[in-house]
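The values are calculated or read from the model by the stated rules, or taken from the named source; none is laboratory data. Predicted, not measured: the structure shown is a model, and the values here were computed from it. Cβ placement follows ideal geometry from the backbone for every residue including glycine, while neighbour counts extend to all protein chains displayed.
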Amino acid sequence: MCYGAASLEMLDIKIGSDGRIAEIGPSLPAGDAELLSLNGQLVLPGLVDMHQHLDKSRTRALLDNPSGTLMGASAAYRALAPSITKEQMIARARRTVEACSARGTVAIRSHTNIDPQTGVRGVEAMVELRAQCAAFMHIQIVGHITSGATSMLPESDAWLRQAIDLGIDAIGGVPAFSSEPVALLKLLFDSAERSGLPLDMHIDEHLDPAKAMFSEIARMTRAYGMAGRVVAGHSSALSAMPSDEAQRTIEELREAGVGIVTLPAANLFLQGRDADRLPPRGLTRVKELLAAGIPVAAASDNIQDPFVPTGSGDLLEIARWTVLGGLLGMSDLRQVFEMVSAVPAQMIGLGADWGIRPGARADLLIARAETIEDLVAGGAPERTVMVEGRVVSSTTTQSHLSTP
Ligand SMILES: [Zn+2]
């Protein structure tokens, strides 16, 4: 079966020796090609996790976050960071990359700390990891100005220049952490303009509309001519605004060409802990953003660290939480699949390399499910993952029930 057609249908997919899809059609002649019989399983383009933190992944057992807040998580990691070696970072990150691969992810964009404790050590580690994992995962690295670095503008500018020289794929950071948020935002835009790299930032991961920076981001996106190349991750504060103000803000973001990534795991864990009752969900206004036609992706964010202690690396799980945490509806299962596949693929610039079409890389998720909606709703007991035409992971589950 083939994803992308008007309806699901039985088709053959021929993969060339270059690892790319050569041909798609009913009953293609096999010739001397090696055959992989899928027996009617769903064939989907591989999943794209556009917002993770591989450098911090799996530090859960090494620290604690007693308050369960974003500030608590940041402080906990700050205390641990000086002692983490590049090798430890790579080893832990690799376990997460492998877990994600086994569950169908073919590309990960990793926001990598640039902070006073580690400088660009994390970026160096991720550059090495990117090379190590290239055969089974396309990794992108965001230079992520965070923690105390957000208020050290000259130093952050120098660190970003080093990170760009090391080969990062995007510029990011957390303006809300800075004592000079607008100045940091400008530094990030300047850095993007100078390097030609896109921006993928953590924006307003809090629930205080008075501190929201959306209008400033929309203004700078227009001023720097970066429509379609700016991503605002989280954008939680949008949910804390009255709906008329939120609608005006959404319209500004749409006109400016800013994309949004929702991170339900982190938002559900970190936000709303000070609520006396009825704690908020902390997600951005997913429904309203989608209705406005703004590209909205969903992603894992942190996996087993002080920011989110859980996480299996399964993007379908994140898709489910987007439905549940984002108050989406029964008919949105297909939509959330797009939010962990086609939308992030476009947002991180995979372009024609991604998808089920002739010429695209054969990066595929093959799953035993009747429909995409079924797969999102309940997962699949069997998954095979292919990257550039090679099977990189295959899980088959046989029934343990014996029939008499
Ligand atoms: Zn993040």
>> For the range 199-220, give me the residue count where each residue is over 15 Å from Phe177 (Cβ atoms), touching a Lys or Arg at 6+ places or on another chain (Cβ under 8 Å) and either within 16 Å of the ligand (Cβ to nearest atom) or among the β-branched types (Val, Ile, Thr) (or both).
In response: 2
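On the given criteria, is Leu28 in contact with an Asp or Glu (Cβ under 7 Å, 6 or more places away or on another chain) and surrounded by fewer than 16 Cβ atoms within 10 Å (Cβ to Cβ)?
Numbers: in contact with an Asp or Glu (Cβ under 7 Å, 6 or more places away or on another chain): yes; surrounded by fewer than 16 Cβ atoms within 10 Å (Cβ to Cβ): yes.
Considered against the rule, which asks whether it is in contact with an Asp or Glu (Cβ under 7 Å, 6 or more places away or on another chain) and surrounded by fewer than 16 Cβ atoms within 10 Å (Cβ to Cβ), Leu28 comes out as yes.
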>> Can you tell me which of (1) within 26 Å of Glu338 (Cβ to Cβ); (2) in contact with a strand residue (DSSP E or B) (Cβ under 7 Å, 6 or more places away or on another chain); (3) surrounded by fewer than 24 Cβ atoms within 10 Å (Cβ to Cβ) is the one Ala99 doesn't meet?
In response: (2)
> Given Leu44, Leu80, which one is among the hydrophobic types (A, V, I, L, M, F, W, C) and touching a residue at least 60 places away in the same chain (Cβ under 8 Å)?
Replying inline: Leu44
> Within the set of pairs 6+ apart or on separate chains, which have a first residue in the range 51-67 that is on the phi > 0 side of the Ramachandran plot, a second that is buried (at least 24 other Cβ atoms within 10 Å of the Cβ) and part of a loop (DSSP other than H, G, I, E, B), and C-beta atoms under 8 Å apart?
Replying inline: Arg58/Ile303
>> Out of the residues in the range 234-276 meeting the condition of being touching a strand residue (DSSP E or B) at 6+ places or on another chain (Cβ under 6 Å) and either at pLDDT below 95 or farther than 14 Å from Thr322 by Cβ (or both), tell me which one is farthest from the ligand (Cβ to nearest atom).
In response: Val258
>> With the requirement that a residue be in a loop (DSSP other than H, G, I, E, B), within 16 Å of the ligand (Cβ to nearest atom) and of a type in the set (Gly, Ala, Ser), what does the range 295-328 give you?
In response: Ala299, Ser300, Gly311, Gly313
> Say we look at the range 364-394 and pick out the residues that are more than 26 Å from Val323 (Cα to Cα) and more than 21 Å from the chain's Cα centre (by Cα); which of these is modelled with the lowest pLDDT?
Replying inline: Ser394
> What do you reckon, is Ala131 hydrophobic (A, V, I, L, M, F, W, C), modelled with pLDDT of 95 or more and touching a strand residue (DSSP E or B) at 6+ places or on another chain (Cβ under 8 Å)?
Replying inline: no
> Of the residues in the range 306-351, how many are basic (Lys, Arg) and under 15 Å from Arg103 (Cβ atoms)?
Replying inline: 1
> Does the range 167-181 hold any residues that are on the phi < 0 side of the Ramachandran plot and surrounded by 14 or more Cβ atoms within 10 Å (Cβ to Cβ), and which are they?
Replying inline: Ile168, Asp169, Ala170, Ile171, Gly172, Val174, Pro175, Ala176, Phe177, Ser178, Pro181
> Scanning for something closer than 18 Å to Val48 by Cβ, of a type outside the set (Ser, Thr, Tyr) and not in a helix (DSSP H, G or I), does the range 79-102 turn up at least one residue?
Replying inline: no
>> Checking Gly259 against (1) in a helix (DSSP H, G or I); (2) closer than 20 Å to His51 by Cα: exactly one of these is not met. Which one?
In response: (1)
> So which helices (runs of 4 or more DSSP H) stay within the range 117-225 end to end and still have 2 or more residues that are closer than 22 Å to Ser83 by Cβ and among the charged types (D, E, K, R)?
Replying inline: 121-132
>> Would you confirm, using the coordinates I've provided, whether Leu187 is surrounded by 15 or more Cβ atoms within 10 Å (Cβ to Cβ), under 21 Å from Gly228 (Cα atoms) and hydrophobic (A, V, I, L, M, F, W, C)?
In response: yes
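Tally time: how many residues in the range 119-137 are away from the ligand (no atom under 16 Å from the Cβ), in contact (Cβ under 8 Å) with a residue 40 or more places away in the chain and of a type outside the set (Gly, Ala, Ser)?
8
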> Quick one: Met226 ticks every box in (1) more than 16 Å from the ligand (Cβ to nearest atom); (2) closer than 20 Å to Phe307 by Cβ; (3) not polar (S, T, N, Q) bar one, so which box is it?
Replying inline: (2)
